[in-house]
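For reference, the structure discussed in these notes is given below.
The values are calculated or read from the model by the stated rules, or taken from the named source; none is laboratory data. Quick caveat: nothing in here was measured; it's all calculated off a predicted structure. Cβ: placed from backbone, ideal geometry, glycine included. Neighbour counts: every protein chain shown. Quick note on the areas: whole protein, heavy atoms, side chains included, nothing else; ligands and nucleic acids left out. Shrake-Rupley method; radii C 1.70, N 1.55, O 1.52, S 1.80 Å.
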Amino acid sequence: QVQLVESGGGLVQAGGSLRLACALSERTFSYYHMGWFRQAPGKEREFVALITRGGITTYADSVKSRFTISRDNAKSTIYLQMGSLKPEDTAAYFCAADPRRASPKEYDYQYWGQGTQVTVSS
């Protein structure tokens, strides 16, 4: 059974940085395309960033140049380095995985983590 476990969330002041991690319980981690999504209270879940199994990255316009997604295949883990954080970045952050395609659409991902909360104070 594939499991995803996020970590690294917390409370940070505006302008600060935070790094999220997501570990996948699969030895075939390198075959998976991985994504980060977020959901703020009262809003729909939205795409943040993705990294293909080949290491190609894509970002939402709202986080481009502030966030960096990366992967460490040896650790079966992806990361989301978040900088210049804004109060509007406050949300629950979810990682997702799928071996079939890399996509900014949440319905294209088969596996999801439970989420980690990021709160940015002004």
- [ ] Taking only the stretch 106-122 into account, find how many residues are more than 13 Å from the chain's Cα centre (by Cα) and in a loop (DSSP other than H, G, I, E, B).
- [x] 2
- [ ] Could you grab me the full set of residues in the stretch 50-75 that are open to solvent by less than 40 Å² (accessible area, probe 1.4 Å), over 14 Å from Ala96 (Cα atoms) and outside any loop (DSSP other than H, G, I, E, B)?
- [x] Phe67
- [ ] Determine whether Glu44 is part of a helix (DSSP H, G or I), surrounded by fewer than 16 Cβ atoms within 10 Å (Cβ to Cβ) and modelled with pLDDT of 95 or more.
- [x] no
TODO: Within the stretch 80-105, track down each residue that is in contact with a Leu (Cβ under 9 Å, 6 or more places away or on another chain), surrounded by fewer than 19 Cβ atoms within 10 Å (Cβ to Cβ) and part of a strand (DSSP E or B).
DONE: Gln81
Task: Count - residues of the stretch 1-21 that are within 22 Å of Glu88 (Cβ to Cβ), of a type outside the set (Val, Ile, Thr) and either assigned to a strand (DSSP E or B) or open to solvent by 30 Å² or more (accessible area, probe 1.4 Å) (or both) - done: 12
